[in-house]
Amino acid sequence: MAMKRALLIALALLVASPATASRERATELADPKPSVDAPRRIVVSLAESDPARANAVFSNVINIQEFYGPDRVELAIVLYGPGVRHVLKGDSQVAERVASLRAYDITFIACGNTLESMGRPHDDLLDGVEVVKNGLPEIVEKVLSGWVHLKP
Amino acid sequence: MAMKRALLIALALLVASPATASRERATELADPKPSVDAPRRIVVSLAESDPARANAVFSNVINIQEFYGPDRVELAIVLYGPGVRHVLKGDSQVAERVASLRAYDITFIACGNTLESMGRPHDDLLDGVEVVKNGLPEIVEKVLSGWVHLKP
Amino acid sequence: MAMKRALLIALALLVASPATASRERATELADPKPSVDAPRRIVVSLAESDPARANAVFSNVINIQEFYGPDRVELAIVLYGPGVRHVLKGDSQVAERVASLRAYDITFIACGNTLESMGRPHDDLLDGVEVVKNGLPEIVEKVLSGWVHLKP
């Protein structure tokens, strides 16, 4: 009997604790809800050369993927201006992290305009990094195709 | 007669002065116009820890509210990364200002992910601050629901 | 015969070189495609006082115009907060560049709110710079009218 009572108390504590410890409310998902067939599409831009900043942005991207689930979100990172250094062989201090994010199906897109102005050939890019003529119009066209743009 | 002439001149100056002193043109409102039933919905993000930056963003928000009128705009501030400090008891240097904005019906939403990585419980948040699991998807879903996102 | 072979090799190299030197893929344009009748409309914001930053943003804008072609894109730069200095006579260190961009049909829009808080009359603005009551709602209304907002 004492056992049963202790169990009931433990159970009550378990149920009550989220309410007292957490105020968290769920984010209301917009319609149509993200699904495997129609994943959320999010384009993130990175324009600064600081590796700490790159790492922060990469963590944001991974957290977004965790939130939706990898099958329900498509993520692309557009790098332009000083931000392209993070995807340049030799220059990048976050090359391993880029490879790790690529393994999680995160797409990296570098600005060709920036590379040209730096005099860097496309072959200097890390493996699997895409190049477009100009990074900003890539973002604009993605937004007009339904992607949401974040510059975290 | 001299009186009448002086009055006319004064009147002419009154009419002319806005044209010479100001070039201001009105912002063209998009359709549907903001109304009490369908207010503009604007989500502002704050990701930096600098109190001066927080104060600048808060001023932006108040100015936006003034522009539309409090009944015709709904404003939410999402705080994530180093920006959450502004809504943390003890850490915040702008706690009074947060309370004042809350009194003006501005909503504050903190990123639960950030709090977790800082090891801070939700109870450390200032009164009335909401928490979601992750700040960035909250912004994404708001944008897909018709909110406009600004990172001023 | 040796001549013909040399020519064929030269031709093969010419054809092959773009494939080895460049990974560039074309940016997929959203529907409706930008045209003279329905140009892309892009609003860029500038809120920092650093002239180097202003120059970087101006280069971004020019590159965007080059990408679409001047007839297929409408570009406006909204300046607010410390960013308004770039369009103030006397204060601006980039006045010639502003004039040059204006000659390329780039529109400059200053935040009246900021000018007021600085105690600066509208006549202090560089030639041809527009003023609105508040810069941020100008951006919001443009976004709701189909413009894409970038803060590069």
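The values are calculated or read from the model by the stated rules, or taken from the named source; none is laboratory data. None of the values given here were measured: they were computed from a predicted structure. Here the Cβ is made from the backbone with ideal geometry for all residues, glycine too, and neighbour counts use every protein chain on show. In case anyone asks, the SASA skips ligands and DNA or RNA and just uses the protein heavy atoms, side chains included. Shrake-Rupley method; radii C 1.70, N 1.55, O 1.52, S 1.80 Å.
Below is a table of values for the structure above.
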read-out	value
B:R97 open to solvent by 10 Å² or more (accessible area, probe 1.4 Å), touching a strand residue (DSSP E or B) at 6+ places or on another chain (Cβ under 8 Å) and part of a helix (DSSP H, G or I)	no
Residue in the stretch B:49-75 that is most open to solvent (accessible area, probe 1.4 Å), counting only those that are outside any helix (DSSP H, G or I) and in contact with a Pro (Cβ under 6 Å, 6 or more places away or on another chain)	B:E74
Filtered residue count, the stretch A:100-112, keeping only those that are open to solvent by less than 40 Å² (accessible area, probe 1.4 Å) and out of contact with any strand residue (DSSP E or B) (no Cβ under 8 Å at 6 or more places or on another chain)	0
Qualifying residue in the stretch C:127-150 (condition: out of contact with any helix residue (DSSP H, G or I) (no Cβ under 7 Å at 6 or more places or on another chain), open to solvent by 10 Å² or more (accessible area, probe 1.4 Å), under 30 Å from A:L46 (Cβ atoms) and of a type in the set (K, R))	yes
Tabulated pairs, the stretch A:63-78, first within 11 Å of chain B (Cβ to nearest Cβ), second assigned to a strand (DSSP E or B) and surrounded by fewer than 22 Cβ atoms within 10 Å (Cβ to Cβ), C-beta under 6 angstrom, 6+ apart or interchain	A:Q65/A:V73
Residue satisfying all of: in the stretch A:92-149; under 19 Å from C:P34 (Cβ atoms) and among the β-branched types (V, I, T); farthest from the other protein chains (Cβ to nearest Cβ) among these	A:I139
Criterion violated by C:H86 - all others in (1) within 10 Å of chain A (Cβ to nearest Cβ); (2) assigned to a helix (DSSP H, G or I) satisfied	(1)
Qualifying positions in the stretch C:21-46 - part of a strand (DSSP E or B) and more than 7 Å from chain A (Cβ to nearest Cβ)	C:R41, C:V43, C:V44, C:S45, C:L46
Residues satisfying the stated conditions in the stretch A:28-48, i.e. under 13 Å from the mean Cα position of the chain (by Cα) and either open to solvent by less than 10 Å² (accessible area, probe 1.4 Å) or among the small types (G, A, S) (or both)	A:I42, A:V43, A:V44, A:S45, A:L46
